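Contents: one structure, followed by commentary.
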Amino acid sequence: MTTLTLIGRDGCHLCDDARAVVVEVLREFPEVKMREVSIDDDEGLRAEYWEQIPVVLINDKVHNFWRIDPIRLAKKLKEEQ
């Protein structure tokens, strides 16, 4: 099973934009499990990703950060199947 993790924080407009892209793309991939985590809830994530949020991980590996391209994301998810 493929897992997509969106790392962000409340009040981050880029995070809101990334979430919208991810949700839209995942409509084509109902088998992908999505989870969201906040850097505000995890000191380790904050130290690692503070300057990069939002960050999208696919199967715990960084796929992209800041602006999420829906075409690139969909292509990567197809490769992971």
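No lab work stands behind these numbers, since they all come straight from the coordinates. This structure is a prediction, so every number in the text was calculated from the model and none was measured. Note: ideal-geometry Cβ built from the backbone for every residue, glycine included; neighbour counts use all protein chains shown.
How many of the residues making up region 27-44 are surrounded by 13 or more Cβ atoms within 10 Å (Cβ to Cβ) and either touching a residue at least 40 places away in the same chain (Cβ under 8 Å) or small (G, A, S) (or both)?
Qualifying residue count for the region: 3.
Please go through region 1-15 and pick out each residue that is free of Cβ contacts under 8 Å to residues at least 40 places away in the same chain and under 11 Å from the mean Cα position of the chain (by Cα).
C15
So how many residues does region 39-68 have that are farther than 17 Å from Q81 by Cα, within 11 Å of the chain's Cα centre (by Cα) and of a type outside the set (A, V, I, L, M, F, W, C)?
Of the residues in that region, 3 qualify.
Pairs needed: first member in region 45-60, among the basic types (K, R); second member anywhere, surrounded by 14 or more Cβ atoms within 10 Å (Cβ to Cβ) and in a strand (DSSP E or B); C-beta distance under 7 Å; at least 6 residues apart or different chains.
No pair meets every condition.
Scan region 28-41 residue by residue and report those that are in contact with a helix residue (DSSP H, G or I) (Cβ under 9 Å, 6 or more places away or on another chain) and more than 18 Å from D16 (Cα to Cα).
Correct list: E28, F29, V32.
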